[in-house]
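Below: the structure, in structure tokens.
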Amino acid sequence: MQEIILVIVGAALVNNVVLARFLGLCSFMGVTTKIDTAVGMGMATTFVITVSSMGNWALEHYLLVPYELEYLRTFTFILVIAAAVQFTEMSVRKISPPLFQMLGIYLPLITTNCAVLGVALLIVEGHQGFLIGTVFSFASSIGFSLALALLAGLRERLALCDVPRLFMGPPVGFVTASLLALAFMGFSGMASN
Amino acid sequence: MQAEDDMPDPSNFAAVEGLAKVVAIEGAVAWLEPEQTTSCGGCASSLACGASAFGNRLHARRFPLDNVHELKVGDRIVIGVQESTLVTASMTAYAIPLVTMLGGGIIAHLAGFGDGVAILASVAGLAAGLFLARLRAKKLNAQGQLTPIYLRHAPSPAQSESCELN
């Protein structure tokens, strides 16, 4: 149990997928203008990262490694991620068409989010078992959602501030993101992964 | 049908807004297609970018709205859902299946089974979670919490494009 808690803290805070590993920066800057869209995107990404990491782990250990097909890893993982996004889209549409109307806009963007592929490759690199790998992917994506929500909250406040014209919009967003990354450096040393 | 009096005052309605176009009228129901409001499809790389192709499947995202504002085919309107609705919807669609999926895997692991059984338990948990999410979505839909609301008419594309260029 202690190992699971350490993995969660390490993946979500210490080695935050956005602020420490610098993955998924496109959606990090793109959807953080409003906190609600950031939460919507964060939840969708959490779901896709966890589901695709489970699928990738199973393929890696039951197909790629036994048949010595490791050179197809990146290609296979991208296919699994695209399939996971498609599955999510279909299931949300099946669960409720109004839900799909509200949340469907975020799903295609996740296919091209490098954080999804990055987390799956980190699990392989770390030689993690199924449970630890799944918990790692879930915690990484929670860290991603946390970073999104934090930056969105800051940018909503920044929109009301008197920012110099030259820095308005994305420039001050990047400055804020870098300060957030510095703040997350305070977690280093708590747990490693 | 939602009465006009029930409509929230757009001036104090904290909403996530979106543009939609009326594509068909069937009796008292207007069918709307959401308009692409992100940069996808609009940037210089739109021809080579797969994201724009995914995003352009608007037909699949067609949805109904009670036509109490005498909408006509071709009208562009601004619709909205309450800010809290988006969070509730995300929790329903994603959090419930995730929790049951992780729960299934963890329980199988703690019970001493191997990775293969844990994978099967996770898949079973995911299926159960999707079923539970569907039940909750039905309940929310019956309460009208997931229904978008008409806020106002949007300017025509020609007007808005000229504004963007300026």
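The values are calculated or read from the model by the stated rules, or taken from the named source; none is laboratory data. Remember, predicted model here, so these are calculated numbers, not experimental data. Heads up, the Cβs are rebuilt from the backbone with ideal geometry, glycines too, and the neighbour counts pull from every protein chain shown.
With respect to the conditions (1) among the polar types (S, T, N, Q); (2) touching a Lys or Arg at 6+ places or on another chain (Cβ under 9 Å); (3) over 20 Å from A:Ala147 (Cβ atoms), A:Gln2 lacks only one, and its number is (2). Of the conditions (1) over 22 Å from A:Thr88 (Cα atoms); (2) facing another protein chain (nearest Cβ under 9 Å), B:Leu151 clears all except one; give me its number. Result: B:Leu151 fails condition (2) only. When the helices (runs of 4 or more DSSP H) confined to the stretch A:88-169 are screened for residues that are away from chain B (no Cβ under 11 Å) and over 18 Å from A:Met41 (Cβ atoms), those reaching at least 1 such residues are found at A:114-125, A:130-158.
Please determine, by comparing only the residues of the stretch B:89-99 that are touching a Leu at 6+ places or on another chain (Cβ under 7 Å) and more than 13 Å from A:Phe138 (Cα to Cα), which one is farthest from the other protein chains (Cβ to nearest Cβ). Only one residue tops the list, namely B:Ile96. Could you please let me know if A:Val80 is away from chain B (no Cβ under 13 Å), at pLDDT 85 or above, buried (at least 19 other Cβ atoms within 10 Å of the Cβ) and more than 26 Å from B:Thr147 (Cβ to Cβ)? Spelling it out, A:Val80 is indeed away from chain B (no Cβ under 13 Å), at pLDDT 85 or above, buried (at least 19 other Cβ atoms within 10 Å of the Cβ) and more than 26 Å from B:Thr147 (Cβ to Cβ). Within the stretch B:111-141, the only residue that satisfies the criterion of being polar (S, T, N, Q) and out of contact with any Pro (no Cβ under 8 Å at 6 or more places or on another chain) is B:Ser122.
Please determine whether any residue of the stretch A:14-31 is more than 24 Å from A:Tyr106 (Cβ to Cβ) and free of Cβ contacts under 8 Å to residues at least 40 places away in the same chain. Looking for residues that are more than 24 Å from A:Tyr106 (Cβ to Cβ) and free of Cβ contacts under 8 Å to residues at least 40 places away in the same chain, one finds none in the stretch A:14-31, hence no. A search for C-beta distances below 6 Å between a residue of the stretch B:101-126 that is on the phi < 0 side of the Ramachandran plot and within 10 Å of another protein chain (Cβ to nearest Cβ) and any residue that is of a type in the set (S, T, N, Q) and crowded, with 20+ Cβ neighbours inside 10 Å, counting only pairs 6+ apart in sequence or on different chains, returns B:Met101/B:Ser122; B:Gly105/A:Thr134; B:Gly105/B:Ser122. Here is a check on your reading of the model: is A:Ala58 over 21 Å from B:Leu135 (Cβ atoms), assigned to a helix (DSSP H, G or I) and more than 9 Å from chain B (Cβ to nearest Cβ)? Taking the combined requirement at face value, the residue does not satisfy it.
Whenever a residue of the stretch B:64-78 is on the phi > 0 side of the Ramachandran plot, its partners that are buried (at least 17 other Cβ atoms within 10 Å of the Cβ), lying with C-beta atoms within less than 7 angstrom and at least six residues away or across chains, give the pairs B:Gly74/B:Val22. Under the condition of being more than 7 Å from chain A (Cβ to nearest Cβ) and not in a helix (DSSP H, G or I), the residues counted in the stretch B:132-147 number 3. Just one of the listed residues (A:Glu68, A:Glu89) is surrounded by fewer than 24 Cβ atoms within 10 Å (Cβ to Cβ), on the phi > 0 side of the Ramachandran plot and without any contact (Cβ under 8 Å) to a residue 24 or more places away in the chain, and it is A:Glu68. Note on the stretch A:61-87: residues that are of a type in the set (D, E, K, R) and part of a helix (DSSP H, G or I) amount to 2.
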